[in-house]
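Notes for the one structure printed next.
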Amino acid sequence: MGAKYKAYRSLNYKLPQTSLGWNLYGAGFENMGKNGQPEAFPVPEPGDDQLLVRIDSVGICFSDLKVLKQGRNHPKLYNRDMTVEPTRLGHEVSLTVIKVGKNLADKYQVGQRLAVQPDIYQQGKSTAYGYTVPGGLIGYHLIGAEVLETDEGACLLPIADEMGYAESSLLEPWGCVMAAYTQRRRLSPKPGGILWIIGQPGDKTDFTYSNGLAP
């Protein structure tokens, strides 16, 4: 591990005054950033109920392309004027807490590693991180009530220090894969439908199917 990377992981460096980010101002790649380039944004100070976080890695999801294609017509952007209120893609993120507002000091610590559970709801309305709420295509940004005070509580997940940055960014997409196989609406085969059971030669495993297969 190089000295610069060690300093990065241990937060042993001077915090920059600005950070590059890719705001999205409308549909199409031409509306991402300014003149095809990222923009420099001031690294802000957190308020009493906010965290300043550093984005360590961010994944690009196919659903990001849908936002790029649809712009303000995307269901989670609610037809807002993106030239005035842009969003920022990037919901598959690994982050590190850089500064903690005084009202959050009992819950979060500087250097703590976190991931975001982006499927956020506020008062029953979908306000997903990386869609309605600007996401992680930026070096540093603030996290406040939009992520910490949702219908399900704080949408931040603790990460073990030994987990890699890119590995942590895969928590959200891997969770989607797992959820696809645990949907409660699929507890039994569709009436009159087809169930495909795949085995292999020599497999001596006993399989018991107790729901939906009775004659």
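The values are calculated or read from the model by the stated rules, or taken from the named source; none is laboratory data. Since this is a predicted model, take the numbers as computed values, not measurements. Virtual Cβ from ideal backbone geometry, glycine too; neighbours counted across all protein chains shown.
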note = Of the residues in region 135-147 that are in contact with a strand residue (DSSP E or B) (Cβ under 7 Å, 6 or more places away or on another chain) and part of a helix (DSSP H, G or I), the one that is surrounded by the fewest Cβ atoms within 10 Å (Cβ to Cβ) is 146
request  = Inspect region 34-48 for any residue being in contact with a Ser or Thr (Cβ under 7 Å, 6 or more places away or on another chain), closer than 25 Å to residue 179 by Cα and not charged (D, E, K, R) and give the result as yes or no.
outcome  = no
ask   = What's the number of the condition residue 56 fails, among (1) at pLDDT 95 or above; (2) within 19 Å of residue 132 (Cβ to Cβ)?
value = (2)
inquiry  = Return the residues of region 100-117 that are touching a Gly at 6+ places or on another chain (Cβ under 9 Å) and surrounded by 21 or more Cβ atoms within 10 Å (Cβ to Cβ); say none if nothing qualifies.
reply    = 116
note = Flagged in region 123-134 as small (Gly, Ala, Ser) and assigned to a loop (DSSP other than H, G, I, E, B), in numbering order, are 124, 128, 130
key: Considering residues of region 22-49 that are among the acidic types (Asp, Glu) and more than 29 Å from residue 102 (Cβ to Cβ) only, the residue surrounded by the fewest Cβ atoms within 10 Å (Cβ to Cβ)   = 30
query = Condition test on residue 97, is it closer than 21 Å to residue 18 by Cβ, of a type in the set (Val, Ile, Thr), touching a Gly at 6+ places or on another chain (Cβ under 8 Å) and at pLDDT 95 or above?
reply = yes
ask   = Tally time: how many residues in region 148-197 are in contact with a Pro (Cβ under 9 Å, 6 or more places away or on another chain) and within 30 Å of residue 104 (Cα to Cα)?
value = 2
message = Can you tell me which of (1) touching a residue at least 12 places away in the same chain (Cβ under 8 Å); (2) within 16 Å of the chain's Cα centre (by Cα) is the one residue 99 doesn't meet?
response = (2)
request  = State whether the residues of region 156-168 include one that is at pLDDT 80 or above, surrounded by 13 or more Cβ atoms within 10 Å (Cβ to Cβ), part of a strand (DSSP E or B) and not basic (Lys, Arg).
outcome  = yes
